[in-house]
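Engineer: I am attaching a structure below and will ask some questions about it afterwards.
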Amino acid sequence: MDSAASMVFEDSGLRNRILNTNLDEHGVIFTDLQRAVLEYPELVRKYFMTEAVKPDLNKFTALHAALWDTGAFVYVPAKARVTLPLQVILNQCTPGVGGYHHTLVVTEEGAEVTVVDDLLGAKDGLQASVVELILGAGSVVRYMNLQDFEHSAWNFLTGRAVMSRDADLRWIQVSWGSRLTKAFLDVDLMGPGGHAELLGIYFPTGEQHIDHQTLQLHRAPHCFSDLLFNGALKDRSRSVYMGVIKVFPGAQKTDAYQRNGNLILDPTARADSIPGLEIQADDVRCTHGATVAQVEEEYVFYLMARGLSRPQAERMIVQGFFQAVLDRVPVESVVHKLESVIERKIGG
């Protein structure tokens with residue numbers, strides 16, 4: 001991946017940090033969280049688990065607050081713009097070991113940044129991570145969380161984005177690995193004019209269990225949020241999606257959408273989808289939908305009639321199912337990586 005800078009963590013330590021551009025010239029901070037505590041204590045004290053994810057949010061955040069070990073701290077001052085992504089790679093190498101990775105991204109007014117979290121390893125282990133995205137007025141954040149842990153890992157993620165006036169967020173959540181994933185993902189639009197997209201891809205196989213729980217919180221008027229989570233399931237795997245759009249009193253002119261699609265590739269797989277609305281304002285447009293379906297034989301026949309084999313036809317249908325999300329991923333190299341994993345999952 002072409003990146004402005006990257007950090008590589010192994011287990012509980014930073015192994016490498018590469019700067020491809022001069023971030024200091026624009027006042028951008030991209031460092032590991034342990035160093036940030038020493039070098040930027042006031043910033044860390046102001047934002048670390050104080051505004052977005054608080055320690056008492058759930059039992060996993062309480063555990064994380066007590067035991068966090070690795071983490072990335074990204075701070076982009078007003079009007080600064082980082083054109084290439086900032087990449088964070090976490091490889092939890094030692095089998096059976098727990099990890100508590102933290103991502104803290106803060107953007108001031110008018111700033112712009114793209115951050116990619118790439119999470120690997122964690123064989124027979126636990127990962128209880130937290131993601132905090134704090135967007136200043138008019139800032140733009142593109143955040144990607146690419147989880148591909150070993151299928152014996154237990155993964156718990158709590159993430160929240162807090163958005164000020166006219167902020168713009170696109171969050172891509174990808175869940176490939178782990179034995180079990182439970183992810184709490186919240187978008188909190190606190191100022192008028194906010195624009196948030198929450199996009200998800202998951203593809204459990206074997207006996208994997210992937211569970212996403214989302215909140216789109218509209219506290220201010222004239223805000224937009226759009227959620228699209230698409231998943232395919234094979235073998236005896238299971239997925240659960242539960243999401244709520246909540247519109248607070250006074251958040252008039254809210255425009256919010258929520259959709260979860262599931263493609264069942266084996267009769268032993270199971271997907272549960274529970275979208276919901278909680279509306280406390282009277283001038284809004286809020287809709288939601290969910291689908292759970294098998295591959296349509298009509299589609300397979302159509303493609304086979306044009307010379308494809310059945311496996312080729314089914315592969316093309318699955319790839320097309322994910323394309324609606326892939327088309328909205330802003331980093332081309334990440335798109336290619338996701339496409340290769342989808343290919344691997346289909347073939348596996």
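The values are calculated or read from the model by the stated rules, or taken from the named source; none is laboratory data. Only a predicted model underlies this, so the values are computations on that prediction, with no experimental measurement involved. When we count neighbours, we look across all protein chains shown, and the Cβ atoms used for this are built from the backbone with ideal geometry, even at glycine. When the accessible area is computed, the model is the full protein with side chains, heavy atoms only, and any ligands, DNA or RNA have been set aside. Shrake-Rupley method; radii C 1.70, N 1.55, O 1.52, S 1.80 Å.
Engineer: Condition (residue is under 19 Å from the mean Cα position of the chain (by Cα) and open to solvent by 80 Å² or more (accessible area, probe 1.4 Å)) applied to the range 322-333: is it met by at least one residue?
Structural biologist: Going residue by residue through the range 322-333, those that are under 19 Å from the mean Cα position of the chain (by Cα) are 322-333.
Within this subset, residues satisfying the condition of being open to solvent by 80 Å² or more (accessible area, probe 1.4 Å) are 327, 332.
Scanning the range 322-333, I find at least one residue that is under 19 Å from the mean Cα position of the chain (by Cα) and open to solvent by 80 Å² or more (accessible area, probe 1.4 Å), so the answer is yes.
Engineer: Any residue at all in the range 205-216 that is in contact with a strand residue (DSSP E or B) (Cβ under 8 Å, 6 or more places away or on another chain) and of a type in the set (Gly, Ala, Ser)?
Structural biologist: There is no residue in the range 205-216 that is in contact with a strand residue (DSSP E or B) (Cβ under 8 Å, 6 or more places away or on another chain) and of a type in the set (Gly, Ala, Ser).
Engineer: What do you reckon, is ASN22 in contact with a Ser or Thr (Cβ under 9 Å, 6 or more places away or on another chain) and loosely packed, with under 14 Cβ neighbours inside 10 Å?
Structural biologist: Numbers: in contact with a Ser or Thr (Cβ under 9 Å, 6 or more places away or on another chain): no; loosely packed, with under 14 Cβ neighbours inside 10 Å: yes.
In short, no.
Engineer: Select from the range 190-214 the residues that are open to solvent by less than 10 Å² (accessible area, probe 1.4 Å) and either closer than 14 Å to ALA161 by Cα or among the β-branched types (Val, Ile, Thr) (or both) and list them in ascending order.
Structural biologist: Let us first name the residues in the range 190-214 that are open to solvent by less than 10 Å² (accessible area, probe 1.4 Å), namely 191, 194, 196, 198-204, 208, 210, 212, 214.
Matches in the range 190-214: GLY191, GLY194, ALA196, LEU198, LEU199, ILE201, ILE210, THR214.
Engineer: Under 21 Å from PHE9 (Cα atoms), of a type in the set (Gly, Ala, Ser) and modelled with pLDDT of 95 or more: is that true of ALA153 in this structure?
Structural biologist: On the way: under 21 Å from PHE9 (Cα atoms): yes; of a type in the set (Gly, Ala, Ser): yes; modelled with pLDDT of 95 or more: yes.
Yes: the conditions hold for ALA153.
Engineer: I'd like to check something: does the range 235-242 contain any residue that is farther than 21 Å from TRP176 by Cα, of a type in the set (Ser, Thr, Tyr), in a strand (DSSP E or B) and open to solvent by less than 10 Å² (accessible area, probe 1.4 Å)? Spell out how you get there, then give the answer.
Structural biologist: Step one: list which residues in the range 235-242 are farther than 21 Å from TRP176 by Cα, which gives none.
Checked against the condition, which is being farther than 21 Å from TRP176 by Cα, of a type in the set (Ser, Thr, Tyr), in a strand (DSSP E or B) and open to solvent by less than 10 Å² (accessible area, probe 1.4 Å), the range 235-242 yields no hits at all.
Engineer: Let me ask another. Only one of these conditions is not met by ILE172: (1) open to solvent by less than 10 Å² (accessible area, probe 1.4 Å); (2) more than 11 Å from the chain's Cα centre (by Cα). Which number is it?
Structural biologist: It is condition (2) that ILE172 fails.
Engineer: Any residue in the range 127-144 that is on the phi > 0 side of the Ramachandran plot and touching a residue at least 24 places away in the same chain (Cβ under 8 Å) sitting within a Cβ distance under 9 Å of a residue that is open to solvent by 10 Å² or more (accessible area, probe 1.4 Å) and not in a strand (DSSP E or B)? List the pairs, counting only those 6 or more apart or interchain.
Structural biologist: GLY138/GLU109; GLY138/GLY110; GLY138/SER164; GLY138/ARG165; GLY138/ASP166; GLY138/GLY193
Table: residues versus (1) of a type in the set (A, V, I, L, M, F, W, C); (2) closer than 24 Å to ALA167 by Cα; (3) in contact with a strand residue (DSSP E or B) (Cβ under 6 Å, 6 or more places away or on another chain); (4) without any contact (Cβ under 8 Å) to a residue 24 or more places away in the chain.
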{"residue": "SER12", "(1), (2), (3), (4)": "no, no, no, no"}
{"residue": "LEU33", "(1), (2), (3), (4)": "yes, no, yes, no"}
{"residue": "LEU38", "(1), (2), (3), (4)": "yes, no, no, yes"}
{"residue": "PRO55", "(1), (2), (3), (4)": "no, no, no, yes"}
{"residue": "LEU67", "(1), (2), (3), (4)": "yes, no, no, no"}
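Engineer: With the requirement that a residue be more than 22 Å from the chain's Cα centre (by Cα), under 24 Å from MET316 (Cα atoms) and buried (at least 19 other Cβ atoms within 10 Å of the Cβ), what does the range 251-292 give you?
Structural biologist: Residues satisfying the conditions are ILE264, LEU265, ALA269.
Engineer: Something else: Considering only the range 215-234, how many residues are open to solvent by 10 Å² or more (accessible area, probe 1.4 Å) and either among the hydroxyl-bearing types (Ser, Thr, Tyr) or closer than 18 Å to GLY261 by Cβ (or both)?
Structural biologist: Of the residues in that region, 3 qualify.
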